[in-house]
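Quick note: the coordinates plus some simple rules give every number you see, no bench work behind them. The shown structure was predicted, so the numbers you read here are calculated from the model rather than taken from an experiment. In this analysis, Cβ positions are derived from the backbone assuming ideal geometry, glycine residues included, and neighbour counts consider all displayed protein chains.
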Amino acid sequence: MRRARTPRTAFRASRITTALVAAPLAVAALAAPATAAPAPAAEERSTQRAEGRNHHDRDTLRGVAPKGFSIGTAVAGGGHHAEQPYADPFAYDVEYRDVMARQFNSLSAENQMKWEYIHPTRDFYNFYPADAIVRYAQENRQVVRGHTLLWHSQNPAWLEEGDFSDEELREILHEHITKVVGRYAGRIQQWDVANEIFDENGEYREENIWIRELGPEIVADAFRWAHEADPRAKLFFNDYGVESFNAKSDAYYELIQELTADGVPVHGFAPQSHLSTRYGFPGDLEANLQRFADLGLETAITELDVRIDLPEGGEPTAAQQAQQADYYRRALEACLGVDTCNSFTIWGFTDEYSWVPVFFPSEGSATVMTEDYERKPAYYALQDTLRSVRGKR
Ligand code: G3I
């Protein structure tokens, strides 16, 4: 059912007020260790509501998804959200939590499991926000994608600026993976073990501290350590710009064959799929997923959003929304067309919390719902596509 639209200024103002009231609590929650932190009010209230929720509601995305298919979203918190005039969305926005529980059966931690967040100082792990996501997912019968263990970005200063020997660095990564993956063992369906390790030419990224300091062999160790810590989790490579056949996706194609030949537990390959109507739809997405599936891998779309160049005034035209819906539909169809693609995640579902306008100021409206949770054509494109394959896949 569509909601009556709240005027944006009033909506923003109420969020800012909420943020001012809630900010000290958010800081306390972030700083507190797992055992000591109080449960935020929003968490308690949405837990109560979860008990009466119908996860088979046909007016949602999860309710029309084929059996065994994960339709997911990133869980807003940390990262760019920390700079916005609102409180941490996952911890404090009850409506957001409710829509997320109703619509999705898979969740990805947008920032809450990244190094700078979960391991902010060398001897302290801040598990509270990640624990809260995993708990909420269990309450709402959702699976979780873990994101991420070996990346060049969002690493804490103590790590990037520390003067560690190779041996120490290796042990730091081993300990981190063992602790983080081990803590959620059995409760994470897929882990993005290695994120964005290649540049657009298919070369290892120099900025990646692990690869730069320890050599590319460390990637195989990261997969081995993750597998030891949770043998049930499916372990993925994840990257953007690998939707098509190109130098970067070719580099993964080569590397994964080498690793699997060596017995390294690599289970999946995932194009993030941050798309823009400016560049056209990657028409070879399905064929590209298929070549990885043919290697025996699981595949997934992990971070889909579709940016639009907004006209003056900031509202997309009907034609732009229709084009965006077409991109969402085609991305989902590409995944559904590949037997091993059973997980499809969008990088946030409401424009209110999207990273896109923060990184791309003249672009936006990239998600499937407005700031007021009004469904866009893109939402219906996903829903109709899921419905059309239900019972046939
Ligand atoms: O680290 C700086 C800090 O030093 C500085 O003081 C502060 C003030 O501006 O900014 C901090 O950087 C922020 C960063 O998160 C770390 O918290 C950025 O501004 C902020 O924009 C950034 O946002 C996150 C981004 O990853 C970082 O790359 C987004 O919330 C998150 O949605 C986004 O997610 C990534 C996936 O993990 C990987 N794939 C691409 C995707 C979109 O970028």
Just to verify a number: FRET efficiency for HIS55 and ASP339, C-beta to C-beta distance, R0 = 30 Å, to 0.05? 0.75
Reduced to Cα centres, the span from the range 337-393 to the range 254-279 in Å works out to 22 Å
With labels modelled as points extended 7 Å from the Cα through the Cβ direction, what inter-label distance (nm, one decimal) is found for GLU217 paired with GLU161? 3.2 nm
Taking the dipole of the range 29-389 about the Cα centre (Lys, Arg +1; Asp, Glu -1; charges at Cβ), the one of TRP191, PHE344, VAL219 that reaches farthest to the positive side is PHE344
Once both label points are put 7 Å beyond Cα along the C-beta direction, the PHE124-ASP284 separation in nm becomes 4.9 nm
Net dipole in debye of the range 29-389 [+1 Lys, Arg Cβ; -1 Asp, Glu Cβ; about Cα centre; nearest 20]: 1640 debye
Of the GluC sites (Glu not before Pro) in the range 195-238, which ones lie in a loop per DSSP and count no more than 10 other C-beta atoms within 10 Å? GLU206
Under the 0.36 nm per residue contour assumption, what length would be gained going from the current alpha-carbon distance of VAL358 and GLU315 to full extension? 13.9 nm
Full extension from ALA82 to ALA247: what is 0.36 nm times the residue separation minus their Cα-Cα distance, to one decimal in nm? 55.9 nm
Can you work out the FRET efficiency for the pair THR260 and GLN138, with r the C-beta to C-beta distance and R0 = 35 Å, to the nearest 0.05? 0.65
What ³J(HN,Hα) values, in whole Hz, does the Karplus curve 6.51 cos²θ - 1.76 cosθ + 1.60 give for the range 302-315 when θ = phi - 60°, with x put for Gly and Pro? 10, 8, 5, 8, 10, 6, 10, 6, 7, x, 4, x, x, 9
Extension gain, ARG390 back to GLU175 (0.36 nm per residue minus Cα-Cα distance, nm): 73.2 nm
The range 29-389, relative contact order [Cα under 8 Å, separation at least 6], %: 15 percent
